[in-house]
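Trainee: The structure that follows is given in the form of structure tokens.
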Amino acid sequence: MNFGAFFNHTFASLKIRNYRLYFIGQAISLSGTWMQIIALGWLTLEVTGSGSQLGLVIAVQYVPILLFGFWGGMIADRFDKRRILILTQAGLGLVALSMSIVVFAGIIRPWMLFSFAVCWGIIRIFDNPTRLTFVFEMVDASHIKNAVSLNATENNLARAIGPSIGGVLIATTGIAFCFFFNAVTYIAVIAMLFFMREHELHRSPPIARKPGQLREGLRYIMETPRIRDVLIVIAVIGTFAYEFQVSLPLFAQQTFLAGASAYAALMASFGVGAAIGGLYAASRHTVAPRQFLISGFLFGASIIGTSLAPTLPIAIIGMVFIGIFATNVTSIGNTMIQLESIPQMRGRVMALWEIAMIGSTPIGGPIIGWIGQNIGARWAIATGGIATVSAIILGSRRLLKKVAMQEIPTDVKIGEEEMNIANSQ
């Protein structure tokens, strides 16, 4: 194996200065984000003592995305994405700082947890689709799959590092420092955005404001089979499988009678696996429906297997495999629909991706929380695996029969002819 060639292919996007700056800023910030996620879940259990309340707090974060996320995608299509990100990152930092203050002061109440969750969700309405589509402005089409996969790898390395540090901080200095650390990390992202060279960005012309743009976006998605079918599968995965913030604290606490360190270990092992899966995905040159379907099936099967783990160490190993297949199915799906989308619709398309992936949490979070509280933590996890496998099986016929969805080499730029065809749709 030629390791030099593998390295060059896997990290190709990092040769682009603007993307490299963004990658560095995100590497710092995402660790803080995952530290905060661990802190919020454990803090909610400490304050409320209820799995159902945990599910509700997690769900409330995503209610704004579910209700208004598509509108946020339209804003991303209309305005300068770099400026939007500077504002949203500053807002998220202030929210995290406020939370650290009330926890440190010892005045935290359940209603404050819900207020924090709502504020976080409102800002993410605009932040999520902008971040996803901004990748296309930092790199060209030949690097998009690599950049998306590296983003996923980075996020999941942070998922491994952040919870590990968070578990130590919770046990030593206290939960408040997890929120404070996250607030400080947003400074790095904002600095890197300022350091970017504007003339090197591949900016898409912003769309002019006119009536009916939300309906126009929905119609475009529904009339584009590749985008529509992938989003349906992702919606099921997002609703039932990606509820680890709810299911894993209960899994650690109920099944293995363990504390925050066990929860952090489960999340960290997921991050390690996801980072491995992300590096593999970044080294691939093509995306295809069969890759999406195989990764999705293995993701669901590994969730079911992990739910049956007899001991905590085996469950931790199982989470590594879940992470590997999770990154592959999401990075392949993300790349497929971004390459399919015309630039004028990309913000709205990726907003619907975020609604399907995480905006569905207000629906799935309480369901998984209720299952974990009343039926058992093992069933809370297994439900996600069963739903994923079912969605993959039901969706495979439609996805595989589309001639247009053949394996697509992502190291070839989209030509003028293909863009003209896309724009005429």
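Trainee: Quick check on my filter: what residues within region 273-287 are over 19 Å from residue 143 (Cβ atoms) and either surrounded by fewer than 19 Cβ atoms within 10 Å (Cβ to Cβ) or of a type in the set (A, V, I, L, M, F, W, C) (or both)?
Mentor: Residues satisfying the conditions are 274, 275, 276.
Trainee: Here's something else I'd like to know. Within region 288-305, how many residues turn out to be surrounded by fewer than 24 Cβ atoms within 10 Å (Cβ to Cβ), closer than 28 Å to residue 161 by Cβ and among the hydrophobic types (A, V, I, L, M, F, W, C)?
Mentor: 3
Trainee: So which residues in region 45-54 are in contact with a Leu (Cβ under 9 Å, 6 or more places away or on another chain), under 14 Å from residue 368 (Cα atoms) and not in a loop (DSSP other than H, G, I, E, B)?
Mentor: The first filter runs over region 45-54 and keeps only residues in contact with a Leu (Cβ under 9 Å, 6 or more places away or on another chain), leaving 45, 47-48, 50-51, 53-54.
Subsequent filtering for residues that are under 14 Å from residue 368 (Cα atoms) retains 50-51, 53-54.
Once the filter is applied, which keeps residues that are in contact with a Leu (Cβ under 9 Å, 6 or more places away or on another chain), under 14 Å from residue 368 (Cα atoms) and not in a loop (DSSP other than H, G, I, E, B), region 45-54 yields 51, 53, 54.
Trainee: Residue pairs, Cβ under 7 Å, 6 or more apart or interchain, first in region 60-71 and touching a residue at least 40 places away in the same chain (Cβ under 8 Å), second hydroxyl-bearing (Ser, Thr, Tyr) and not in a helix (DSSP H, G or I). List them.
Mentor: From residues that are touching a residue at least 40 places away in the same chain (Cβ under 8 Å), the pairs are 66/360.
Trainee: Among the residues of region 164-221, count how many are within 21 Å of residue 350 (Cα to Cα) and not in a helix (DSSP H, G or I).
Mentor: 12
Trainee: Could you tell me whether residue 316 is farther than 20 Å from residue 382 by Cα, free of Cβ contacts under 8 Å to residues at least 60 places away in the same chain and of a type in the set (A, V, I, L, M, F, W, C)?
Mentor: Numbers: farther than 20 Å from residue 382 by Cα: no; free of Cβ contacts under 8 Å to residues at least 60 places away in the same chain: yes; of a type in the set (A, V, I, L, M, F, W, C): yes.
Considered against the rule, which asks whether it is farther than 20 Å from residue 382 by Cα, free of Cβ contacts under 8 Å to residues at least 60 places away in the same chain and of a type in the set (A, V, I, L, M, F, W, C), residue 316 comes out as no.
Trainee: Against the conditions (1) outside any helix (DSSP H, G or I); (2) β-branched (Val, Ile, Thr); (3) surrounded by fewer than 16 Cβ atoms within 10 Å (Cβ to Cβ), where does residue 101 fall short? Just the number, please.
Mentor: That leaves (1) as the condition not met.
Trainee: Another question, then. Taking the stated definitions as given, is residue 72 touching a Pro at 6+ places or on another chain (Cβ under 6 Å), in a helix (DSSP H, G or I) and not aliphatic (A, V, I, L, M)? Let's see the steps before the verdict.
Mentor: Details: touching a Pro at 6+ places or on another chain (Cβ under 6 Å): yes; in a helix (DSSP H, G or I): yes; not aliphatic (A, V, I, L, M): yes.
Spelling it out, residue 72 is indeed touching a Pro at 6+ places or on another chain (Cβ under 6 Å), in a helix (DSSP H, G or I) and not aliphatic (A, V, I, L, M).
One line per residue, one yes/no per condition, for (1) closer than 20 Å to residue 358 by Cβ; (2) among the acidic types (Asp, Glu); (3) surrounded by fewer than 21 Cβ atoms within 10 Å (Cβ to Cβ); (4) modelled with pLDDT of 85 or more:
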| site | (1), (2), (3), (4) |
| --- | --- |
| 1 | no, no, yes, no |
| 11 | no, no, yes, no |
| 28 | no, no, yes, yes |
| 88 | yes, no, no, yes |
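Trainee: Looking at residue 123 and the list (1) crowded, with 19+ Cβ neighbours inside 10 Å; (2) touching a Phe, Trp or Tyr at 6+ places or on another chain (Cβ under 9 Å); (3) without any contact (Cβ under 8 Å) to a residue 40 or more places away in the chain, which single condition is not satisfied?
Mentor: In the conditions (1) crowded, with 19+ Cβ neighbours inside 10 Å; (2) touching a Phe, Trp or Tyr at 6+ places or on another chain (Cβ under 9 Å); (3) without any contact (Cβ under 8 Å) to a residue 40 or more places away in the chain, residue 123 misses (2) alone.
The values are calculated or read from the model by the stated rules, or taken from the named source; none is laboratory data. Keep in mind that what you see is a predicted model, and the values were worked out from it rather than measured. Methodologically, a virtual Cβ is constructed for each residue, glycine included, from the backbone with ideal geometry; neighbour enumeration extends over all protein chains shown.
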